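Visitor: Mind looking over this structure? Questions follow.
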Ligand code: PMP
């Protein structure tokens, strides 16, 4: 990924993709003092960009630092990077991190850096393939107690658990893993939130120790607009047997149906298909007003 054409926005200027480097003694590399975002552009416009960039700033505050740009400046930088790369459908990755002046757990005065990379990511909405649903394993690792880590931050350190879980699932032939939280309740997947369908209603875990995803909130809005009841509550893994449908959602995952979680089976039913289509419509520039309503 570090050898490509194009440019990356790096501390306020564009640098060639291959030159966007940090020193090996960067605090963030040693102590996970970094926060990031995953955004997606459709038809040249970044969906819910302001919410993502505000979350980036908020995540930095949860790690004890101020991203040295306003949300308006980060918005403009994301748009400029997208335009510079000349992409319509793309992934946008801002990341802010503590620099390399001091090495040690404490590094109060290290410079906070910000970089933004954009790469091409066409929206491959191939209904035939995705409508089969993906297979998910149960993860062995759990989301931590919010008293153990700032679980509302989209912080790099919290992704160690996700990579461990995702790698273990992939080794067993699964596409992803469903993680429980520290209490043993259903939490989320390694890069997406989870929803279930039962008796015509949506059930999804209360996001009290993991990301309340921007896609998750969008899907809740779309479901309510269709008159579908949405129940946010504690969900125990034993309940998986009682759900008829399941899907995951996130900026990258969009709305993706799930056919299996370990020994549990789900159908790709009408509510899942409807929300998949509604989301695909909502992200396109002319439709965002509907999603926001
Ligand atoms: N949970 C995790 C662990 C994630 O990485 C993501 C993707 N950012 C999500 C949930 C979904 O968040 P969003 O819809 O804001 O992309």
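None of the figures in this text is laboratory data; all of them are computed from the coordinates on show. Model, not experiment: these values are computed from the prediction. Here the Cβ is made from the backbone with ideal geometry for all residues, glycine too, and neighbour counts use every protein chain on show.
Visitor: One quarter of the convex hull surface, Cα atoms only: what value does that give for the range 127-292 in nm²? Mind dumping the intermediate values first?
Guide: Numbers: hull surface 37.3 nm².
The Cα convex hull of the range 127-292, projected and averaged over all directions, gives 9.3 nm².
Visitor: Relative contact order, percent, of the chain when contacts are C-alpha pairs under 8 Å separated by at least 6 residues?
Guide: Working: 591 pairs, mean separation 50.3, N = 293.
Result for the chain is 17 percent.
Visitor: At 222 nm, what value in deg cm²/dmol follows for the chain if DSSP H runs of at least 4 each add -39500 (n - 2.57) and the sum is divided by all its residues, to the nearest 500?
Guide: Working: 8 runs with 82 residues, N = 293.
-8500 deg cm²/dmol, from helical runs alone.
Visitor: Also, I was wondering about something else. Within the range 189-220, whose backbone N sits under 13 Å from a point 7 Å along Cα→Cβ of residue 163?
Guide: none
Visitor: Compute the angle between helix 214-225 and the longest alpha-carbon principal axis of the chain, please, reported from 0 to 90 degrees and rounded to the nearest 10.
Guide: For helix 214-225, the angle is close to 40 degrees.
Visitor: Oh, and also: Sorting 197, 22 on the 10 Å Cβ count, fewest up front, what's the list?
Guide: Ordered by Cβ neighbours within 10 Å, fewest first: 22, 197.
Visitor: Restricting to the range 127-292, compute how many DSSP beta bridges are antiparallel as a %, nearest 5.
Guide: Details: 17 of 28 bridges.
Antiparallel: roughly 60 percent of the beta bridges in the range 127-292.
Visitor: Quick one: work out Rg over Rh on the C-alpha atoms of the range 7-120, Rh as Kirkwood radius. Kindly include the intermediate steps, with their values, before the conclusion.
Guide: Numbers: Rg = 13.9 Å, Rh = 14.3 Å.
Looking at the range 7-120, the ratio lands at 0.98.
Visitor: Percent of Cα-Cα pairs more than 18 Å apart in the range 43-110, please.
Guide: On the way: 1025 of 2278 pairs.
Above the 18 Å cut-off, the range 43-110 has 45 percent of its Cα pairs.
Visitor: Residue separation times 0.36 nm, minus the C-alpha to C-alpha distance between residue 183 and residue 171: what's the value?
Guide: Values: separation 12, 0.36 × 12 = 4.32 nm, distance 2.62 nm.
So the chain would gain 1.7 nm between residue 183 and residue 171.
Visitor: Below 8 Å, C-alpha to C-alpha, sequence gap of six or more: please give me the relative contact order for the range 124-239 in percent.
Guide: Values: 173 pairs, mean separation 28.7, N = 116.
In percent, rounded to a whole number, it is 25.
Visitor: OK, next. State the volume of the convex hull built on the alpha-carbon positions of the chain, expressed per residue in Å³ and rounded to an integer.
Guide: 134 Å³
Visitor: Treating the angle as unsigned and between 0 and 90°, give the value, to the nearest 10°, between the Cα long axis of helix 49-62 and the longest Cα principal axis of the chain.
Guide: With rounding to tens, the tilt is 70 degrees.
Visitor: Relative to the longest principal axis of the chain, what angle (0 to 90°, nearest 10) does the C-alpha long axis of helix 71-85 take?
Guide: 90 degrees
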